[in-house]
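This report refers to the structure that appears directly beneath it.
The values are calculated or read from the model by the stated rules, or taken from the named source; none is laboratory data. Note that the structure is a prediction, hence the values are computed from the model and not measured. Backbone-built Cβ (ideal geometry, glycine too); neighbour counts: all protein chains shown. Each accessible area value is taken on the protein alone, full model and side chains, heavy atoms only, with ligands, DNA and RNA left out. Shrake-Rupley method; radii C 1.70, N 1.55, O 1.52, S 1.80 Å.
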Amino acid sequence: MRDAGILERLNRGLYRLADLPPLGNPDLVSVSMKIPGGVICLISAPAFHEITTQIPHEVYLALKRGAEPPRLDHPPLRIFWFTGGAFTEGMEIHDVDHVSVRIYSPEKTIADCFKYRNKLGLDVAIEALKLYRDRKRLKVAELMKFAGVCRVEKVIRPYLESLL
């Protein structure tokens with residue numbers, strides 16, 4: 001069926017009908033189908049929520065600490081290991097090209113960006129906070145709740161106060 005052009009190969013072991021419209025976000029769909037225990041996070045999540053100008057060159061994925069590391073050839077992955085509430089809190093399920101994709105909420109994503117500011121850059125976290133304020137309805141209580149979960153309340157508070 002693949003050789004006849006009926007099926008299109010997305011990834012190893014992952015096919016779809018060739019006559020369907022093109023996927024809007026094939027990397028997120030592939031990762032979600034191949035790694036159902038993962039959650040899209042950090043640069044990939046703000047890109048999905050449109051609160052960053054960064055273009056992710058890898059799919060940033062959160063896995064529960066102790067989970068088996070994935071073996072995926074394409075797309076490139078950057079794995080982060082989360083524990084407890086940092087992994088389970090703020091998870092949303094979005095329909096992306098008719099596939100359920102687990103992505104952290106914008107508020108949880110901003111808290112994660114501040115938590116990993118040394119790996120991503122503080123400018124990424126501040127930009128996400130500013131664009132969140134401009135493009136979304138600002139939910140300060142929700143944002144501070146996730147900052148508490150990620151243990152970055154004291155870090156995020158001065159930036160949040162300066163923007164309000």
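Some points to look at:
- If you go through region 132-143 and keep only what is open to solvent by 30 Å² or more (accessible area, probe 1.4 Å) and either in a helix (DSSP H, G or I) or closer than 20 Å to THR53 by Cα (or both), you end up with ARG133, ASP134, ARG135, LYS136, ARG137, LEU138, VAL140, ALA141, GLU142.
- Selection within region 19-48 - modelled with pLDDT under 80 and in contact with a Lys or Arg (Cβ under 9 Å, 6 or more places away or on another chain): LEU23
- Within region 60-68, one or more residues are open to solvent by less than 60 Å² (accessible area, probe 1.4 Å), at pLDDT 95 or above and under 19 Å from LEU122 (Cβ atoms).
- Applying the condition of being open to solvent by less than 10 Å² (accessible area, probe 1.4 Å) and hydrophobic (A, V, I, L, M, F, W, C) to region 29-41 and asking which residue is nearest to HIS98 (Cα to Cα) yields VAL29.
- Cβ separations smaller than 9 Å between residues 6+ apart or across chains give the following pairs from region 80-93 residues that are surrounded by 18 or more Cβ atoms within 10 Å (Cβ to Cβ) to residues that are among the basic types (Lys, Arg) and assigned to a strand (DSSP E or B): PHE82/LYS64; PHE87/LYS64.
- Checking each residue in region 123-164 for being under 19 Å from SER44 (Cβ atoms) and aliphatic (A, V, I, L, M) picks out VAL124, ALA125, ILE126, ALA128, LEU129, LEU131.
- Listing of helices (runs of 4 or more DSSP H) fully contained in region 1-100 that carry 2 or more residues being in contact with a Phe, Trp or Tyr (Cβ under 8 Å, 6 or more places away or on another chain): 44-49
- Long-range neighbours under 7 Å by Cβ, at least six apart or interchain, first residue free of Cβ contacts under 8 Å to residues at least 12 places away in the same chain within region 46-67, second open to solvent by 40 Å² or more (accessible area, probe 1.4 Å) and in a strand (DSSP E or B): none
- Here region 106-129 is the region considered, the condition is being of a type in the set (Gly, Ala, Ser) and crowded, with 24+ Cβ neighbours inside 10 Å, and the residue that is farthest from GLU50 (Cα to Cα) is ALA111.
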